[in-house]
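**Q** I have a structure here, written as structure tokens, and I will follow up with some questions on it.
The values are calculated or read from the model by the stated rules, or taken from the named source; none is laboratory data. Only a predicted model underlies this, so the values are computations on that prediction, with no experimental measurement involved. Positions of Cβ are backbone-derived with ideal geometry, glycine not excepted, and every protein chain shown enters the neighbour counts.
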Amino acid sequence: MAAKVPSEEYDAIVRAVSGFPNGAAIRDLKAALPDYSRRTLQRRLDALVDSGVLIVQGSGRGHKYVAGPEADRTKRAADPGKADWLSEESVEIIGLLTRPLASRTPVPYHIEFIESYAPNQTPYLTNELRRKLADMGRVEQHELPAGTYLRQVMDRLIIDLSWNSSRLEGNTYSLLDTELLLKAGESAAGKDATETQMILNHKAAIELLAEDAAAIAFNRYTICNLHALLSQNLLPDPGGEGRLRSKLIGIGQSVYEPLQVPQQIEMYFDLMLNKAEAITDPIEQSFFIMVHLPYLQPFEDVNKRVSRLAANIPLVKRNLCPLSFVDVDEEDYARAMLAIYELNRVEYLRDVFVRAYARSCARYSTIRQVLGEPDPFRLRYRKQIGEFIQAVVAGGMDKRAASKWITGQVKASIQKEDRARFQEVVETELSGLHEGNIARYQIRLSEFRGWETGWK
């Protein structure tokens, strides 16, 4: 961009142009930027056109300005945190997607996009990149049960992933609002009930990944149940929760037209799941489902949310760091998905995925270091400990009643040499139970509050 154009003036002009999806005439920009003289505004526009930040469409008095392929590159150059992770392919894609909607050719679902993918033979991510990301996410817990790592960081992950995934859908809850909702059950003032429901649905879906870590897979049971949890009370027709769609849908602000024939949706849904399950590399599996589930649009809504949660399935099962989409920019994610829909190009989403996973790994490795290594005894009896705690809370037991009940149940169900330690662990967990950690035991907030009064 020309050096004579001050950055604040550049920002103002590009923002003003972006406010006119069909292009901005100079009279539009003069009205939007009244502090500029017409002569100064014209000089700035000429400089921006010369540098590729803006493009002129039309001719004579009818020409208009639209954002060019250099617009995002220039904006990102001012932000070193973003400029260094975007590949040249992504910058090219951005240029293609900044064209006005009316000038982009409508495109259908291309069956060859999924059919040409051969698991373990034509990966989207290079061997080097997959190894690099796996090294970031590895926590040296290969022999521990699936989901061990996820449960270690569960309390923080529920908040982070619920907030970030909802934010990418336009949800206006803040991170602190989300934390208050999930820990204390308090919805944010002035927020739509739909936004509150969206976040609560994410919490339930993340808990499914943790509690069924050994059973989850790329199959209908897992993906449809994730959809049912994420879409609960959000669809016009509740019958669509967890079911493949039979209704016509469209993609807003895109020229992509998804499949509409139910039999084809069923067929390619199964093909997608079979190919995902056949991939042996967990990083590639994670990225593959982020590409193809939203592209197919198998559900009437909530497809991208399902893909973001499903991307964690192979990470959970291999005890790799989860992906919480921390610091993912909404515009980056939206445009990366448009590149999948309209161009069948994965490079932009790949860049978003790689950066997001690196940020997630850094976040949760710090949390894990604070938590320390997991206790093998607690891991071995994780399920039984949870069942005991759930029973005590559900039964509304006070300390005296709980002690008597636990003692009797321990004798009946725990091997002799572990009984004393097991009872100590359960009673310690009960004493430390609070609103901020009840999710790990699938205890409802209302249930906990009713029990807590008697316990204290």
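**Q** With the condition kept exactly as written, say whether any residue in region 75-86 is under 30 Å from Ile340 (Cβ atoms) and modelled with pLDDT of 85 or more. If you could, list the steps in order and put the result at the bottom.
**A** We begin by selecting, within region 75-86, every residue under 30 Å from Ile340 (Cβ atoms); these are 75-86.
Add one more test, that the residue is modelled with pLDDT of 85 or more, and what stays is 86.
Yes, that holds for at least one residue.
**Q** For region 399-456, how many residues are exposed (fewer than 14 other Cβ atoms within 10 Å of the Cβ) and acidic (Asp, Glu)?
**A** Residues that pass the stated criteria total 2.
**Q** If you check every pair at least six apart or on different chains, which have Cβ atoms under 7 Å apart with a residue in region 21-35 that is under 21 Å from Leu97 (Cα atoms) and assigned by TED's automatic domain parsing to the domain that holds Tyr65 first and a residue that is at pLDDT below 80 and not acidic (Asp, Glu) second?
**A** Gly23/Gln57
**Q** Six or more apart or on different chains, Cβ under 9 Å: which pairs go from a residue in region 294-309 that's closer than 18 Å to Gln263 by Cβ to one that's of a type in the set (Lys, Arg)? Could you list them?
**A** If the second residue must be of a type in the set (Lys, Arg), the pairs left are Gln297/Arg245; Pro298/Arg245; Phe299/Arg243; Phe299/Arg245; Glu300/Arg243; Glu300/Arg245; Glu300/Lys247.
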